[in-house]
Amino acid sequence: MIYIALYLLLVLFALLDLLKNGNQVKPLVFWMSVFLLIFISSIRWNVGTDWYSYIEFFTNIQTYVAHPELNMMERGFTYLNYAAASLNMGYTP
């Protein structure tokens, strides 16, 4: 249901962008859309079929760095997780 509401709100923002005074409305619509998408993505917790694979990867990051042949993730993502784990940031802030 939340995704339908999000879609309808973004459609409304798109229609507002078509107004005659669009140049005044565009920055507001842009930043409201950005905030809305960030908010919706940030409240997702323990959602999705890949949740457990990512948390398992983060928990065992030392093993994946020490043995790259076991690692199925991208190198940049691996080192980002390694940096977060090394700084004791946890899986979620």
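Any idea which of 2, 55, 43 is within 14 Å of the chain's Cα centre (by Cα) and of a type in the set (Val, Ile, Thr)?
None of the other options fit; the residue is 43.
When only residues in region 12-67 that are more than 18 Å from residue 85 (Cβ to Cβ) and among the aromatic types (Phe, Trp, Tyr) count, which is least open to solvent (accessible area, probe 1.4 Å)?
If we take residues in region 12-67 being more than 18 Å from residue 85 (Cβ to Cβ) and among the aromatic types (Phe, Trp, Tyr), then 13 is least open to solvent (accessible area, probe 1.4 Å).
Regarding residue 5, is this residue out of contact with any strand residue (DSSP E or B) (no Cβ under 8 Å at 6 or more places or on another chain), of a type outside the set (S, T, N, Q), part of a helix (DSSP H, G or I) and in contact (Cβ under 8 Å) with a residue 24 or more places away in the chain?
Answer is no for this residue.
In region 11-51, what count of residues is obtained for those that are hydroxyl-bearing (Ser, Thr, Tyr), under 19 Å from residue 91 (Cβ atoms) and outside any loop (DSSP other than H, G, I, E, B)?
Of the residues in that region, 2 qualify.
Restricting the search to region 71-86, which residues are surrounded by 10 or more Cβ atoms within 10 Å (Cβ to Cβ) and part of a helix (DSSP H, G or I)?
77, 78, 79, 80, 81, 82, 83, 84, 85, 86
The values are calculated or read from the model by the stated rules, or taken from the named source; none is laboratory data. Note that the structure is predicted; figures quoted are calculated from it, not measured. When we count neighbours, we look across all protein chains shown, and the Cβ atoms used for this are built from the backbone with ideal geometry, even at glycine. Surface accessibility is based on the protein's heavy atoms, side chains included, excluding ligands, DNA and RNA. Shrake-Rupley method; radii C 1.70, N 1.55, O 1.52, S 1.80 Å.
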